[in-house]
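Notes to accompany the following structure.
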Amino acid sequence: MLFRSCRQLLNELYCTAFSVIESDASQLSGLISPPFEKNIEDEFEDIITLFEKICSETLERRSRYKSELISKIIAYIETEFKNESISLTSVAECFGLSETYLSHLFKDETGDNFSKYIERKRIKLACSLIGKMQIKDIAQEIGYANVMTFSRAFRRVNGCNPSDYAKSHSA
């Protein structure tokens, strides 16, 4: 009775493994012998090895997915960061993600907070435009609705306001 229960459990574990791996049966090559050619202990060892491989493959796929997703998100931000309506919400909607997931993913993958990332990109561009355009035009160009918001962001990033920055970098 115990032997039959163990065999039944082994069959269920094999079936679960095959359904988890689905179409990628190449992952199983060399890990599974035809059923009943080994003793039960060896078969359980095979199952453990198989599930370790499945877990490892799953983690690798998840990591690859996250890296590819964050690359697409950053590419999107590169083209849209000057748009004043870009936000965590708008990017999350664009990629079909929740705001919370996007926020955590972005921080985990880049080490940067989403809004600070956008702010630094905008201010970096602003620094290159100071002296070539008026401050109010720069603010609009890089996605700020008004000069005061731009000036506060500029001060947060650079430690001085745009006018002082212009004076110190015009010489």
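The values are calculated or read from the model by the stated rules, or taken from the named source; none is laboratory data. In this text the structure is predicted, and so the values were computed from the model without any measurement. We place every Cβ from the backbone using ideal geometry, glycine too, and count neighbours over all the protein chains shown. Calculation scope for accessible area: heavy atoms of the full protein, side chains included, ligands and nucleic acids excluded. Shrake-Rupley method; radii C 1.70, N 1.55, O 1.52, S 1.80 Å.
Some notes on this structure:
- Note on region 92-157: Rg/Rh from Cα positions, Kirkwood definition for Rh, rounded to two decimals, is 1.07.
- Normalising the Debye intensity of region 29-171 to I(0), with uniform scatterers on Cα atoms only, and taking log10 at q = 0.09, 0.10, 0.13 Å⁻¹ returns -0.46, -0.52, -0.69.
- Within the accessible surface of region 54-108, defined with a 1.4 Å probe on protein heavy atoms only, the carbon and sulfur portion equals 50 percent.
- Two-site FRET efficiency, residue 157 against residue 65, from Cβ-Cβ distance with R₀ of 30 Å, rounded to 0.05: 0.40
- The alpha-carbon of residue 82 sits under 17 angstrom from the alpha-carbons of these aspartates and glutamates, leaving out residues fewer than 8 places away in its chain: 119, 137, 141.
- Accessible surface for residue 55 stands near 80 Å², nearest 10, in the context of the full protein assembly shown (1.4 Å probe).
- Label-point separation in nm, residue 55 to residue 167, each point 7 Å along Cα→Cβ: 6.3
- Solvent-accessible surface of region 42-83, taken per residue with a 1.4 Å probe and all protein chains present: 64 Å².
- Among 142, 165, 117 - extreme Cα towards positive end, dipole of region 114-167, charges at beta-carbon: 117
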